[in-house]
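Have a look at the structure below, then the notes.
The values are calculated or read from the model by the stated rules, or taken from the named source; none is laboratory data. What you are looking at is a predicted structure, and each value in this text was computed from that prediction instead of being measured. Because the Cβ atoms are built from the backbone with ideal geometry, glycine has one as well, and the counts that use them run over all protein chains shown.
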Amino acid sequence: MTSQHSKKHDHNHGMASDFKRIIMAAGEDVKRDGLIDTPKRAAEAFKALTSGYTMSIEEVLNDALFDCQNKDLVVVKSIELYSLCEHHLLPFFGECHIGYLPGQKVIGLSKMGRFVDVFARRLQVQERLTHDIMQCVEAVTGAEGVVVMIEARHLCMMMRGVQKQGSSTVTMASTGAFRNDQGLRAEFERIVRSG
């Protein structure tokens, strides 16, 4: 067994033990049939939900950057998004819409969803997530402007506290041309809201 594999095993075992203690603290019997393997499964799930910490933009990009003379607006809309609220460790989920005005380069469209995952699969607040994605797209493409909109529902609001099941939160971040040109920003919003 390699030392790296051993460290990974120890980390997973340690997290499973922590989940076992949490379940016991909630008043449950961890020896009950339905809960015997839950600490291990919860540790594996939490690791997957926070896998963004081990992902790098360079690996995700994988040279999918192409020369482009097109200066027209590019919009990738309705990218599924799942993240964990850093305040309560409860999920928030929704859709991310990304628009950019190409500089010299465009990015493979499938990469946008992967970029969203890099930042969403971390402990987050929606406002920072929106900015992280915007800054990533700007840095990778050298775009003349980037705009990102996220519309999400937060289980920390829906299951506890105010318990407003129908509410969603919309955040938007923009840079460059989208900051300076209200018409361009309005065009992005029109595209996002259409069909």
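Summed over the stretch 125-179, the residues that are of a type in the set (Asp, Glu) and part of a strand (DSSP E or B) give a count of 1.
Scanning the stretch 104-118 for residues that are in a helix (DSSP H, G or I) and of a type outside the set (Val, Ile, Thr) yields Ser110, Lys111, Met112, Gly113, Arg114, Phe115, Asp117.
Of all positions in the stretch 161-181, none carries a residue that is buried (at least 19 other Cβ atoms within 10 Å of the Cβ) and of a type in the set (Lys, Arg). Only residues that are touching an Asp or Glu at 6+ places or on another chain (Cβ under 7 Å), buried (at least 21 other Cβ atoms within 10 Å of the Cβ) and aliphatic (A, V, I, L, M) were counted across the stretch 118-149, and they come to 1.
Considering the stretch 9-45, the residues that are in a helix (DSSP H, G or I) and acidic (Asp, Glu) include one that is surrounded by the fewest Cβ atoms within 10 Å (Cβ to Cβ), namely Asp33. Only one of the listed residues (Met149, Met112, Met157, Met134) is modelled with pLDDT under 95 and under 13 Å from the mean Cα position of the chain (by Cα). That residue is Met112.
Cys96: in contact with a Pro (Cβ under 9 Å, 6 or more places away or on another chain) and assigned by TED's automatic domain parsing to the domain that holds Val170, yes or no?
no
Among the residues of the stretch 57-111, the one identified as surrounded by 11 or more Cβ atoms within 10 Å (Cβ to Cβ), polar (S, T, N, Q) and under 26 Å from Lys47 (Cβ atoms) is Ser83. Determine, yes or no, whether Ala48 is assigned to a helix (DSSP H, G or I), modelled with pLDDT of 95 or more and exposed (fewer than 10 other Cβ atoms within 10 Å of the Cβ). Answer is yes for this residue. Checking each residue in the stretch 114-141 for being touching a Leu at 6+ places or on another chain (Cβ under 9 Å) and either in contact (Cβ under 8 Å) with a residue 60 or more places away in the chain or not β-branched (Val, Ile, Thr) (or both) picks out Arg114, Phe115, Asp117, Phe119, Ala120, Arg121, Arg122, Leu123, Gln124, Leu129, Val140, Thr141.
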